[in-house]
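K.L.:
My questions all concern the structure below.
None of the figures in this text is laboratory data; all of them are computed from the coordinates on show. The shown structure was predicted, so the numbers you read here are calculated from the model rather than taken from an experiment. Please note: Cβ atoms are built from the backbone with ideal geometry, for glycine as well, and neighbour counts cover all protein chains shown.
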Amino acid sequence: MSFSDRTHAAIAARIAALQLRHRDLDDRVAQEQKRAWRDMTVLQRLKRRRLRLKDELSRYEGMMRMLARRRAAG
């Protein structure tokens, strides 16, 4: 397995883990929003964490696109 293949596999694994964490946070946000006495501080914290995960996910997806372009060119 080449360096590029290992890099691609590592990034793909990281993306999968981030997607899972993002879905979990989506569920937690939805649960908090359904509560009669929702804690806005908790809700804001969950939403910020979810946004940070989404940003990180976007960065890794950009890396995957870059690797794909390099493979196509090389």
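K.L.:
How many nm is it between the label spots at Lys54 and Gln31, if each spot is 7 Å from the Cα in line with the beta carbon?
P.N.:
Distance between the two pseudo-spin positions: 2.1 nm.
K.L.:
If I stretch the segment between Asp24 and Gln44 completely, what's the gain in nm (0.36 nm per residue apart, minus their alpha carbon distance), one decimal?
P.N.:
Here the answer is 5.7 nm.
K.L.:
Given an 8 Å cut-off on Cα distances and at least 6 residues of separation, report the relative contact order of the stretch 3-73 as a percent.
P.N.:
46 percent
K.L.:
Let me ask something else. Trypsin sites (Lys or Arg not before Pro) within the chain: which are DSSP loop residues with at most 12 other Cβ atoms inside 10 Å?
P.N.:
Those satisfying the criteria are Arg35, Arg38.
K.L.:
Using a simple charge model, +1 on the beta-carbon of Lys and Arg, -1 on the beta-carbon of Asp and Glu, nothing else, what dipole does the stretch 3-73 show about its Cα centre, in debye to the nearest 20?
P.N.:
My answer is approximately 160 debye.
K.L.:
Measuring from a point 7 Å past the Cα of Ala68 along Cα-to-C-beta, which residues in the stretch 2-24 have an amide N at less than 13 Å?
P.N.:
It comes to 12, nothing else.
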